[in-house]
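Student: Before I ask anything, here is the structure I am working with.
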Amino acid sequence: MKSIRLALVAAAAVLTASPAVAQDAAYAKGTDMDIVDVAVSAGSFETLVAAVKAAGLVEVLQSDGPFTVFAPTDDAFKALPEGTVAELLKPENKDKLVAILTYHVVPGKVMAADVVKLSSAKTVEGQSVTIKTSDKGVMVDDANVIKTDIPASNGVIHVIDAVIIPSDEPAGCR
């Protein structure tokens, strides 16, 4: 129990100190907006929004849900090998893009207080992400959670610092 409290305190310190996603004013309006609208208004998810549009997932993420989205920032997409995003956005790679994006989505509204109690969570894609909690914070697969509990009318967003890739995707995407 003490280690969970310590992890929560450490995660809170990391999350509140993150300038990478400091658009709290946009997030505060989140309960009136769906997941896509919150991502658009935040200004730090332009690549994610473009990918969601290219994959044809806008309507899904605007539906009732609820959904939990582990949302990679624009910087997370920039960290992928050069050309990866452009390749994934091509129409012929739509199935691969859908698989990657739906791997970032968990059915239901899973708040940070619940996430830290899990060791994994099954994604919409079908595979499970691994969740690790330590005194350094929370990780989803190999991504650090850098901001939590961003409200949306149809779920919640947790911001991550890396794009997570399902295990059956090619190594070039990881």
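The values are calculated or read from the model by the stated rules, or taken from the named source; none is laboratory data. This is a predicted model, so every value here is computed, not measured. Backbone-built Cβ (ideal geometry, glycine too); neighbour counts: all protein chains shown.
Student: Would you tally the residues in segment 94-114 being touching a residue at least 12 places away in the same chain (Cβ under 8 Å) and within 22 Å of PHE77 (Cβ to Cβ)?
Tutor: Residues in segment 94-114 being touching a residue at least 12 places away in the same chain (Cβ under 8 Å) and within 22 Å of PHE77 (Cβ to Cβ): 12 in total.
Student: Would you check which residues across segment 120-170 are in contact (Cβ under 8 Å) with a residue 60 or more places away in the chain, part of a strand (DSSP E or B) and of a type outside the set (Val, Ile, Thr) and list them?
Tutor: SER134, GLY137, ALA143, ASN144, LYS147, PRO151, ALA152, GLY155, HIS158
Student: Residues VAL21, VAL69: which one is closer than 17 Å to ILE146 by Cα, crowded, with 20+ Cβ neighbours inside 10 Å and modelled with pLDDT under 95?
Tutor: So the residue among VAL21, VAL69 that is closer than 17 Å to ILE146 by Cα, crowded, with 20+ Cβ neighbours inside 10 Å and modelled with pLDDT under 95 is VAL21.
Student: I'd like to check something: does segment 83-98 contain any residue that is modelled with pLDDT of 95 or more, crowded, with 21+ Cβ neighbours inside 10 Å and either within 28 Å of ASP135 (Cα to Cα) or β-branched (Val, Ile, Thr) (or both)?
Tutor: Within segment 83-98, none of the residues are modelled with pLDDT of 95 or more, crowded, with 21+ Cβ neighbours inside 10 Å and either within 28 Å of ASP135 (Cα to Cα) or β-branched (Val, Ile, Thr) (or both).
Student: Here is a further query. Can you tell me which residue within segment 111-128, out of those that are surrounded by fewer than 21 Cβ atoms within 10 Å (Cβ to Cβ) and among the hydrophobic types (A, V, I, L, M, F, W, C), is nearest to ILE160 (Cα to Cα)?
Tutor: ALA112
Student: Turning to a different aspect of this structure: I'd like to verify a number: residues in segment 62-89 that are assigned to a helix (DSSP H, G or I), in contact (Cβ under 8 Å) with a residue 60 or more places away in the chain and closer than 21 Å to ALA152 by Cα, how many?
Tutor: Going through segment 62-89 one residue at a time, the tally reaches 1.
Student: Inspect all residues belonging to segment 146-154 and state whether any of them is polar (S, T, N, Q), more than 22 Å from PHE77 (Cβ to Cβ) and surrounded by fewer than 22 Cβ atoms within 10 Å (Cβ to Cβ).
Tutor: yes
Student: Tally the residues that are modelled with pLDDT of 95 or more and either in contact with a His (Cβ under 6 Å, 6 or more places away or on another chain) or of a type in the set (D, E, K, R) (or both), restricting the search to segment 128-141.
Tutor: 2
Student: Hey, another quick one. Sort out which residues of segment 90-119 are in a helix (DSSP H, G or I) and under 18 Å from PHE45 (Cα atoms), and write them in order of number.
Tutor: The answer is LEU97, VAL98, ILE100, LEU101, THR102.
Student: Kindly indicate which of VAL163, VAL138, VAL129 is under 12 Å from ALA71 (Cβ atoms) and not acidic (Asp, Glu).
Tutor: Answer to the selection: VAL163.
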